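Contents: one structure, followed by commentary.
The values are calculated or read from the model by the stated rules, or taken from the named source; none is laboratory data. In this text, all values refer to a predicted model and were calculated from it rather than measured experimentally. Methodologically, a virtual Cβ is constructed for each residue, glycine included, from the backbone with ideal geometry; neighbour enumeration extends over all protein chains shown. Accessible surface areas use protein heavy atoms only, side chains included; no ligands, DNA or RNA. Shrake-Rupley method; radii C 1.70, N 1.55, O 1.52, S 1.80 Å.
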Amino acid sequence: MKNLQNPFEFEAAANLPPELVVDVFVEDHNYTRFIQSKRNVYLVGERGSGKSMTLLYNSLKYRALWSKIHNQKLEYDFIGIYIPCKTPLTQKNEHQLIQNEFHMALISENYLVLSILFEIANTFSRCANIVPDDKKEWLCEELSYLFDHDFPKDKNIFEEVKRYANNEVRAFQRLINKGNITDAYEAAKSFSTQILPMILLLNELPALSSTHFMLMLDDAHDLNKYQRRCLNSWIAYRDHSAFSFKIATAKVSDPDFITLSGGSILDGHDYITIDMEQPLQNPQSPFGKLARNIIEKRLIKFGIDKKAEEFFPPNMEFMKDLEAANDQAREMAKKEYPEGTAKQITDYVYKYGRAIYFRNRSRKANLPPYSGLDTLVNISSGVIRNLLDPCYWMFDRVYSAAGAGLTIAKIDHIPASIQSEVICERSQRLWTLLDDGLDKVIEECTRDQAKLVKNLFDELAVFFRERLLHHESEPRVITFTISGMTPEHESVLMPLINIARRALLLYVRYGPSKDDGRREPFYVPNRMLWPIRGLDPNGQHGRASIKASDLIAAAGGRPIPVKFVSIEEAVQGELFNV
Amino acid sequence: MYEKHRMITVASWEQRFLYGTLLTFEKHPSITRLDMFFYREYALWSEDNRAKIAEFCKDRGVYLTTHELSFETPALNWRIIEATVTDSYSHPGYIVDITTMPRDTIWAILHFLEERVDYASYVYYKPETYNKEWLSRDPGRPRLAFRRSGIATLGAPTLLLTTTGFDVERTEQLINYFEPKKIILAIQQGDQFENIKLNLQRHEQIRSIHSDVIILKVDSYSQDHSFSMYETALQEHVAEYNVVLSSLGPKPSSIALFHLTMRHPEMALVYAPSNQFNLDYSQGLGQAYEGTLVFREENKQ
């Protein structure tokens, strides 16, 4: 990716130019009403699900840029302070050399507190007129008292606070690196003595008198144990009128919710959780609409005024064959339901139309020509980066092949053949990752575990393919739940599941259980796995229930049993649909 | 020149550990003490070689200390290394055999030696051949080296400089971990062991994914292990970035990176561990590379 030559850039959000983020971020479906609230919020999702973009977009710097671009007044009701946790400062671990837990926590908290202090000052240093002239001296004196440091009265106070925070943190690191722990303890700062009073001081400025400060920590899974517990303790504060936390964290890290004092914070009470990975029913689902908006916004930015469906047209031969398969399904439905309602016929076509297409294909045929917006939305598995990745490579291929003379704005579509080519390549790439061994790239994954995970996915591919070709009720299901899990099964299976999750080969979602309505986890293999195996990445509502013992056996290379359900059983409506 | 030398090493099952150690003793008959660390996880594999070295030391009248470390307890390892290197033994010259020494151990030993002596010698033995199938697996989480974690500046973006090996996945793991704004890939020059195909060309692909990547062709086997190249490449970025240094390439590069942090303590060293090594990692004993790391120039004799 060089010099923004591609509308579908997907680098880490904080490394993208702010103007690009402001231009391409789609606000509608990204939980703004939860972010811009006084609630503590955990945004949970794997890499590429849009967590960082969401936080950045809601930070004051980016909101100010948006206001400037759109000539709108910047409101100060909710001010987002973006605090990155993926930094060499946060990743320091000298606290492990100390044998006193209290001191470990002091040192860890100090780094986090100074980072927050810096970012608060950094946020306001660019805001002209936040501090009226008659308040400048007062603010300088108050902060000088608070931090026990003489700030010059004639300088930008927020720049001075930034400088102070940096001097403090650098001096602290020197002490720690030299092993001078005693002096370090004395210099350590805390949230309640530094951040809280500063926020309350800022609330005394006229422009910020009703401001609620949102402290937005990104990549909080990179915090060490003591920093996480500090954070949980702050979340547990009773009064959140002046500030709240919005915390982005990877789902697979399974954050702990214990406070420094050993208590815990509770979902729904102390914070709410937003799952950034969207359930994917169809292109009309919220994620489908989001995907469309994201693509179109990015195209517009590069001067390409096209609808997403037009830019990514499907293969016409495929559409024709699919329509023929749907017609066949319609005829079958009319025979099954002679008195059937229109909905029954439509549902039947939805369930079996695409399956009939795949079943009608000759065994010797090439892979289906995967293409079209519908396919792209589905293979993204509800993760934004998975949507942008193939789009990026498709665009790059068209642009590179065109040679000199073609401007980006002149690319008005991606040919279906190139879409199919890139999708298959990206699909193969995931299997190559499995073949080469996840132990090479995933932390705490042994060679043996890598082989087991590979076997598991191989057998899942075979299982879903058998269903696609033979199952009469839910042939296109490509998600599963795990049944019959015992503690012994869990100790074997869950490490493999977690490795697959860390490798972004598997996502976990939550939905109502078939049996008793409670929420249960269900597993969505990354749909990009399926094209190279000739499966339908679109999937359908429904989940296959697989026994834990069968999954463990699959990891050992044994096929997963497929129960073939007859149409009669299916029609009786005994089976569960999501 | 010191009359007595103290050697520090990490025991391994590889042939180059055993033959290299014996060769070092031959070249430096002034070695009167050997501190031999070994890792618990490979204790069985290294047992034979350790026994031979112990026998040799006994025959030669070399004072031998052995110390068990573990990949699972980096903080405890640090304390053991500290206790060993900073003990009350009178100040001899030091020779550090880095041949089969994990990089975080190299950096820990050099860290304590920097506090204690004015300079230390080191030696590295290449093997004759490496295993063609695989060398190491099961990457652990990258971690900043204790007390060599730099002096980070709040608000500064990250620059990652890493020497590269044949596993491009490990480089990508580091990039994913730090999400640096700028990346400098230091790639060993030459085509030994299909280096161009397995190292250079694979790492070129990273350029197509990340926006700001510089490729530096280095020679980790040169006298300064390309230290001056690194310093030149970094000097215009040090003020603007938090610099993180990693050694995934030839082991002598770890000396150059440590040297960088001596001159620029704001730079951080990061260790990317592997939890599994191939028993057939290498064969034979190859060329030796020796050098001296000067901690305090004015006192060097």
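Points worth noting:
- B:ALA75 falls short on exactly one of the conditions (1) of a type in the set (Gly, Ala, Ser); (2) within 17 Å of the chain's Cα centre (by Cα); (3) within 14 Å of chain A (Cβ to nearest Cβ), and that condition is (2).
- Among the candidates A:ASP77, A:ASP133, residue that is over 34 Å from the mean Cα position of the chain (by Cα) and of a type outside the set (Val, Ile, Thr): A:ASP133
- The set of residues from segment A:435-457 being at pLDDT 95 or above, closer than 22 Å to A:ILE379 by Cα and not polar (S, T, N, Q) comprises A:VAL453, A:LYS454, A:LEU456, A:PHE457.
- Identity of the residue in segment A:302-326, open to solvent by less than 70 Å² (accessible area, probe 1.4 Å) and assigned to a helix (DSSP H, G or I), that ends up farthest from A:HIS541 (Cα to Cα): A:PHE311
- Qualifying residue in segment B:184-197 (condition: among the acidic types (Asp, Glu), at negative phi and away from every other protein chain (no Cβ under 11 Å)): yes
Yes or no, residue by residue, for (1) open to solvent by 30 Å² or more (accessible area, probe 1.4 Å); (2) modelled with pLDDT of 95 or more; (3) under 30 Å from A:ARG174 (Cβ atoms); (4) away from chain B (no Cβ under 14 Å):
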site	(1), (2), (3), (4)
A:HIS29	yes, no, no, yes
A:ARG33	yes, no, no, yes
A:VAL44	no, no, no, yes
A:GLY48	no, no, no, no
A:THR54	no, no, no, yes
A:LEU89	no, no, yes, no
A:GLU101	yes, no, yes, no
A:PHE118	no, yes, yes, no
A:ASN122	no, yes, yes, no
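- Considered as a group, the residues in segment A:429-443 that are under 23 Å from the mean Cα position of the chain (by Cα) and touching a residue at least 12 places away in the same chain (Cβ under 8 Å) include one that is nearest to A:GLY557 (Cα to Cα), and that residue is A:LEU434.
- Scanning segment B:209-231 for residues that are more than 21 Å from the chain's Cα centre (by Cα) and not in a strand (DSSP E or B), we see that the one that is modelled with the highest pLDDT is B:ASP212.
- Test: residue in segment A:99-112 that is touching a strand residue (DSSP E or B) at 6+ places or on another chain (Cβ under 9 Å) and assigned to a helix (DSSP H, G or I): yes
- Cβ pairs under 6 Å, 6+ apart, first in segment A:291-307 and hydrophobic (A, V, I, L, M, F, W, C), second open to solvent by 30 Å² or more (accessible area, probe 1.4 Å): A:LEU299/A:LYS306; A:ILE304/A:ALA409
- Of all the criteria given as (1) in a helix (DSSP H, G or I); (2) in contact with a Phe, Trp or Tyr (Cβ under 7 Å, 6 or more places away or on another chain), the one not satisfied by A:ILE478 is (1).
- Subset of segment A:161-193 that is assigned to a helix (DSSP H, G or I) and more than 14 Å from chain B (Cβ to nearest Cβ) - its residue that is least open to solvent (accessible area, probe 1.4 Å): A:PHE191
- Some residue of segment B:152-165 being more than 10 Å from chain A (Cβ to nearest Cβ), open to solvent by 10 Å² or more (accessible area, probe 1.4 Å) and touching a residue at least 60 places away in the same chain (Cβ under 8 Å): yes
- Selected residue (criterion: most open to solvent (accessible area, probe 1.4 Å)) from residues of segment B:198-252 that are within 14 Å of chain A (Cβ to nearest Cβ) and without any contact (Cβ under 8 Å) to a residue 24 or more places away in the chain: B:ALA239
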